[in-house]
Amino acid sequence: MAAKEQRPPAPPISARLGQPVGFRPEHLDFDRGIRVGNLEEHERITRILKLALESRYGQPFVTERYGRGVYWQWIGFLPRANRSAKPLSSSVSFGCAKFFLMVDTELRQFQCGLQVERGYATRMRGREAWRLAADWDWHRLVRSLGARGPMRGELERLLADGFRIFGGTWSGAATPFSRDNFPGVTRLRELLRRAEPREWAGFQLYYPMSEKEVRGSTGVDLVEAMLAVFAEVTPAMNHCMQIRLEEVQR
């Protein structure tokens, strides 16, 4: 990642949380997903990241997931205050920007970063609960992607640091954008607007790690890397939400 202003080193994650961190690299399983079951509390990544985010930002987070049983494919964390602020959609989390992590078992890649969902953009029988509403964060995301919009600098900065962007329907075969093939924020905005309205769509801004990189790291290193990625995408996330996340000064 690009050089930044030097800060004093943060205390170890175990000291910041006031408890040991027992997460291990093998909990990211490239065949089955993220292991969350049959573990002690201090080993479970959901518990570790939730505590760390709540300590960093001084507010409660909601944990979401896709999967069941011992292994989950996707995990999300969103500020409860942002969901509560929504006049139409405060009872669901689909409309909220969120931090996410997932293991892509096809690409054999670990990904973490920012996700914003669109849901269904047209009326569909039996799926009204997942229809895009006027207060979803998706609308703020799309508005922020103008040529002079606030998201342009954030995306260009993060792409230069090795991040990737996905935009479109989850069922599509869209190629993630890197610094080398990014078409610019205006084209990205049009791509998001043209996503098939009868399919679930979304946007992800994430940092990828290969299986080799994960296996060559310690569990504590991986937790610190996830939290560092979340910190990097927080400014972009703030452009999408009804609230702002600010680090608590200690």
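What follows is calculated from the coordinates using simple rules that are stated; it is not laboratory data. Predicted, not measured: the structure shown is a model, and the values here were computed from it. Every residue, glycine among them, receives a Cβ derived from its backbone with ideal geometry; neighbour counts consider all protein chains shown.
Looking at the square roots a ≥ b ≥ c of the eigenvalues of the Cα gyration tensor of the chain, which shape do they give, rounded for a/c under 1.5, prolate if a/b is larger than b/c, or oblate?
Rounded, because the longest to shortest axis ratio a/c is under 1.5.
Once phi is turned into θ = phi - 60°, what whole-Hz ³J(HN,Hα) does the Karplus curve with 6.51, -1.76 and 1.60 give for every residue of the range 51-68, x standing for Gly and Pro?
Using θ = phi - 60°, the values come out as 4, 5, 5, 5, 6, 5, 9, x, 7, x, 10, 9, 9, 10, 7, 10, x, 8 Hz.
How big is the gap, in Å, between the Cα center of the range 196-250 and the Cα center of the range 94-164?
Here the answer is 12 Å between Cα centres.
Pick from A85, A174, A97: which residue has the top mean-square fluctuation in a GNM of the chain where Cα pairs under 10 Å get a spring?
Among A85, A174, A97, the largest GNM mean-square fluctuation belongs to A174.
Work out the charge dipole of the range 76-238 with +1 on the Cβ of Lys and Arg and -1 on the Cβ of Asp and Glu about the Cα centre, then indicate which of P183, V103, W130 is farthest towards its positive end.
W130
Checking the cross-link filter: which aspartates and glutamates have an alpha carbon closer than 13 Å to that of K86, excluding same-chain neighbours under 8 positions apart?
List returned: D135, D137.
Could you tell me which trypsin sites (Lys or Arg not before Pro) in the range 119-151 are loop residues by DSSP with no more than 16 other beta carbons within 10 angstrom of their beta carbon?
Those satisfying the criteria are R123, R125, R127, R148.
In percent, how large is the relative contact order of the chain, given Cα pairs closer than 8 Å and 6 or more residues apart?
Normalised by residue count, the contact order of the chain is 22 percent.
For the chain, what does -39500 (n - 2.57) per DSSP helix run (n ≥ 4), summed and divided by total residues, give at 222 nm, in deg cm²/dmol to the nearest 500?
Result for the chain, helices only: -8500 deg cm²/dmol.
In Å and from the alpha-carbon atoms only, list the Rg and Dmax of the range 205-250.
13.4, 39
For the range 227-244, take each phi angle, set θ = phi - 60°, evaluate the Karplus expression 6.51 cos²θ - 1.76 cosθ + 1.60, and give the result in whole Hz per residue in order, putting x for glycine and proline.
5, 5, 5, 4, 5, 5, 8, 4, x, 5, 4, 5, 6, 9, 9, 7, 10, 10
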